[in-house]
Amino acid sequence: MKVEGKQAIWKEYQKEIADDKYFYVRSCVRQNFFPGSETTFLRIMRDELGKDVFENPCHTTCTGIGYHGDIVPVDTMMTVVARQFALMTEAGYENLVPSCITSFGIYTEVLDTWHHFPEVEEKVRKYLKQATGREFKIPKNLAHASDIIYKFRKEIAQKAKFKLVDKETGKPLKVVDHIGCHYAKMFPDKGVGGAEYPYVLTGMIEEWGGEVIDYPERRHCCGFGFRQYLVQANRGYSMSCSHKKFESMEPYKPDLILTNCPGCPMFLDKWQYAIAELEGKTYGKDGHGIPVFTYEELAGLVLGYDPWDIGLQVHQVSCEPLLDRIGILYDSSKKYSDKNGSSLGVPEKPINLKI
Amino acid sequence: MGKLYDKLLEDVRFQEGVSACINCGTCTAICAAASFYNYDPRVIVDTVQSRDEDEIKDLLKSDTIWYCGECMSCKTRCPRGNAPGLVIMALRSLSQDEGYFVESEKGRQQLFMKRVIGGWILDYGYCLYLEGIGTNMYAEQGPVWDWRQKFWKEHLDRLGGNYKGEGPGILRKIPEEALNEVRKIFEVTGGNARFEKIEEFSKQKAKELGLEFGDGIDNEYFSHIYTHNNNSHNRE
């Protein structure tokens, strides 16, 4: 994609990203919906890049869905976050790496609030001491896990076995990115490229050979909305948001949707299934959906990892047509197997969505 | 100055979220909720800025404050640097603290959030803990989710998980001493008090509506708040 004008200006919206010694905090959503993505992130960081990534099993949720579902008070959320900081401090680390965009937004919000209201930080320090006896230092660097992959995108490209290119035509795959609202909408200068012309995923796509498609609803929410999806009576909101995005990107015929936030790929994947079953409408080629990948999955694919090791079998929209176009080999008989290779059966086929 | 407005001012998010709104409506133009619901964040900020006690009380009792999806698109685009989404969060907190949330269909859903998400946080240390959550409640999750539910542990093992295991990893068992620290944090910071208020006011409302109320998710009131939609909320 040719970068000029406003895009060139926003491309300068860069941030400092630590280059080693990370304290990793997991995502509740990613662990449940895309477990293979966290496994793949750690494999890339440790095995490919040789980085020190530490995880303390005693870390917990940041309370993010509870906080943005408005059942968890702000003081409670901030004190749970302070406890994560304390675990990081006690382990001797300074660079915090959350696997979740909601968490990243929360950590950013907490640090910004404490910056503007030092008395709130003091109050939280007292709460934490009272509840746990712990103390903490503010992280020296806060980067979402995708920021780290972005930082090392060139190193990954050097080791890549595949490029995001159609093996028959030699043309770049057309990719739309979705960075997730809480990555940069609240604090644009904390995200690579800001909120309007985000570059964190675009940088990966371009480096790995693909072409980024800008489309009108690129910045629109996937539709999680916390209580808007979780409560059945509100779920039309969620589906309507994803639908708006699909309709907007459809004319550009994207080959792939690449996501940053752990929740967005689930919604953009599952709502394609639901729309197909309810309305008979599909957005990919020949009755298929548009595959929706996490950035960890895409990094794993270009590095030549087995698609079933990185977890592409948990998606409802099938990935195989895209893998075929890139030229990635896979064993279909192993898609739904356990860790020993024994079959776990096969999911039922949808009625309308071709898989 | 009114009592409710004073309470809003005590919330740091309210202080951060609104400073001399000029009512331009940019927030409404970009708002994901306003494109779906009969919802207008510009009007909400205007109402709050009026400091009219009765109007603020009506707002706290209304469905209106529960339409926002907290995507915070409003924050990005506001020419004054305001965040109506943060104002919404302060209003929702006050609505629950005052017990007004049970006066609206959307507000009553907070019992679902408390029992399900709140329960997972305090019981397991995760916001989501999805073994056993099936397509009967989330139909759009589809057949691959049914397969995953059938082989929850097996497929987590396949993908490098450590389900209910000791040590680090995906969906590990978070040690009891860590969970106790989180529970203590909820106790000293007002988290438990919020939860107790949600339960208390919901119980009163269930009685008023003549709906059976019980613990957990298998009772008439809970089922009602999870599914009921009077179909008056959406933009035509």
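Enter the angle in degrees (range 0 to 90, nearest 10) between the Cα long axis of helix A:101-116 and the first principal axis of the Cα atoms of chain A, meaning the one along which they spread out most. Orientation of helix A:101-116: about 30 degrees from the principal axis. Spin-label model, B:N38/A:K334: points 7 Å from Cα along the beta carbon direction are separated by 5.7 nm.
Identify which of A:L256, A:L230, A:L128 has the largest mean-square fluctuation in a Gaussian network model of chain A, with springs joining Cα atoms closer than 10 Å. Of the options given, A:L230 has the highest mean-square fluctuation. Neighbouring Cβ atoms from other chains, within 10 Å of the Cβ of residues in B:8-18, number 2 on average. For the residues of B:164-171, the average number of beta carbons from a partner chain within 10 Å of their own beta carbon is 5. Please report the base-10 log of the normalised intensity I(q)/I(0) for the stretch A:154-334, using a Debye sum with one equal scatterer per alpha carbon and no solvent, at each q in 0.20 (1/Å). Values, matching the q order: -1.50. Per-residue Karplus couplings for the stretch B:221-230, computed as 6.51 cos²θ - 1.76 cosθ + 1.60 with θ equal to phi - 60°, are listed in order as 5, 4, 4, 5, 5, 6, 10, 6, 9, 7 Hz, Gly and Pro entered as x.
Evaluate E = 1/(1 + (r/R0)^6) for B:E212 and B:E187, where r is the Cβ-Cβ distance and R0 equals 41 Å; express this FRET efficiency to the nearest 0.05. According to the calculation, E is roughly 0.85. One compactness figure for the stretch A:140-205 is 1.28, namely its Cα radius of gyration divided by 2.2 N^0.38 Å. Explain nothing, just the number: relative contact order of chain B, from Cα pairs under 8 Å at least 6 residues apart, as a whole percent. Worked out over chain B, it gives 19 percent. Using a cutoff of 8 angstrom between alpha carbon atoms and counting only pairs six or more residues apart, the relative contact order for chain A works out to 19 percent. Distance distribution note for the stretch B:65-164: the fraction of Cα pairs above 21 angstrom is 57%. Kirkwood radius, the stretch B:3-106, all distinct C-alpha pairs, inverse of mean reciprocal distance: 13.4 Å. In this simple spin-label model, placing a label point 7 Å from the Cα along the Cα-to-Cβ direction at both A:E4 and B:K150 gives a separation of 5.5 nm. About the centre of its Cα atoms, the stretch A:154-334 shows a dipole size close to 360 debye [charges on the beta carbon of Lys, Arg (+1) and Asp, Glu (-1) only; nearest 20 debye].
Phi-derived couplings, Karplus 6.51 cos²θ - 1.76 cosθ + 1.60 at θ = phi - 60°, listed residue by residue for the stretch A:149-164: 4, 4, 4, 9, 4, 6, 4, 5, 4, 5, 8, 5, 9, 9, 10, 7 Hz, with x used for Gly and Pro. Here the Kirkwood formula puts the hydrodynamic radius of the stretch B:58-97 at 10.6 Å, using every distinct Cα pair. Peptide A:126-133 has a mean of 5 when you count, residue by residue, the C-beta atoms of other protein chains within 10 Å of its C-beta. Working note: Karplus 6.51/-1.76/1.60 with θ = phi - 60° gives the stretch B:60-66 the couplings 5, 8, 9, 5, 3, 6, 9 Hz, where Gly and Pro are set to x.
A convex hull fitted around the alpha carbon atoms of the stretch A:127-248 yields 183 Å³ per residue.
Give me Rg over Rh for the stretch A:286-331, both radii from the alpha carbons and Rh done the Kirkwood way, two decimal places. That ratio is 0.92, to two decimals. Within chain B, the cysteines lacking any other cysteine Cβ closer than 4.7 Å to their own Cβ are B:C21, B:C24, B:C31, B:C68, B:C78. For the stretch B:3-106, relative contact order (Cα pairs under 8 Å, six or more residues apart, normalised by length) works out to 37 percent.
Shape summary: the stretch A:223-265 maps onto an equivalent ellipsoid whose semi-axes, from the alpha-carbon gyration tensor, are 22, 13, 5 Å in decreasing order. When 1/r is averaged over all different Cα pairs and the result inverted, which Kirkwood radius in Å belongs to the stretch A:22-145? Final number for the Kirkwood radius of the stretch A:22-145 is 14.9 Å.
Available extension along the chain between A:K167 and A:A91 is 22.7 nm, counting 0.36 nm per residue and deducting the alpha carbon span.
For chain B, modelled as a GNM whose springs connect Cα atoms under 10 angstrom apart, the maximal fluctuation among B:N136, B:N219, B:N192 occurs at B:N136. For chain B, adding -39500 (n - 2.57) for each run of n ≥ 4 DSSP H residues and dividing by the number of residues yields -15000 deg cm²/dmol at 222 nm. Taking 0.36 nm per residue of sequence separation and removing the Cα-Cα distance, the A:K354/A:K253 pair yields an extension gain of 34.7 nm.
Per the Debye formula on identical point scatterers at the alpha carbon atoms of the stretch B:151-227, with no solvent, log10 I(q)/I(0) at q = 0.13, 0.14, 0.26 Å⁻¹ is -0.70, -0.76, -1.03. Projecting the alpha carbon convex hull of chain A along each direction and taking the average yields 18.4 nm². The A:K140 and A:R46 beta-carbon pair, evaluated with R₀ = 22 Å, returns a calculated FRET efficiency of approximately 0.55.
Could you pull out the GluC sites (Glu not before Pro) across the stretch B:114-175 that fall in loop regions by DSSP (anything but H, G, I, E, B) with no more than 15 other Cβ atoms inside 10 Å? When the GluC sites (Glu not before Pro) of the stretch B:114-175 are filtered for loop state and at most 15 Cβ neighbours within 10 Å, B:E131, B:E166 remain. Helix-only arithmetic for chain A: the sum of -39500 (n - 2.57) across DSSP H runs with n ≥ 4, divided by the residue total, places the mean residue ellipticity at 222 nm at -12500 deg cm²/dmol.
With everything on Cα atoms, drop me the angle between helix B:84-98 and the longest principal axis of chain B, reported from 0 to 90° to the nearest 10. Helix B:84-98 and the main axis of chain B meet at about 80 degrees. Within chain A, A:C58, A:C62, A:C100, A:C241, A:C319 have no other Cys Cβ under 4.7 Å of their Cβ and so lack a disulfide-compatible partner by this rule. Scanning residues 5 or more positions from B:Y37 or on other chains, those with amide H under 5 Å from its amide H are B:R235, with H placed 1.01 Å from N in the peptide plane. Principal-axis analysis of the Cα atoms of chain A puts helix A:118-132 at an angle of about 90° to the longest axis. By the Cα gyration tensor, the stretch B:107-236 has an equivalent ellipsoid whose semi-axes, rounded to whole angstrom, run 30, 23, 12 from largest to smallest. Can you give the translational diffusion coefficient of chain B in µm²/s, computed by Stokes-Einstein from the Kirkwood radius over Cα pairs at 25 °C and 0.890 mPa s? Reported coefficient: 122 µm²/s.
A short reminder: the numbers here are calculations on the coordinates, not readings from a lab. Everything numeric here is computed off the predicted structure, so don't read it as measured data. Backbone-built Cβ (ideal geometry, glycine too); neighbour counts: all protein chains shown.
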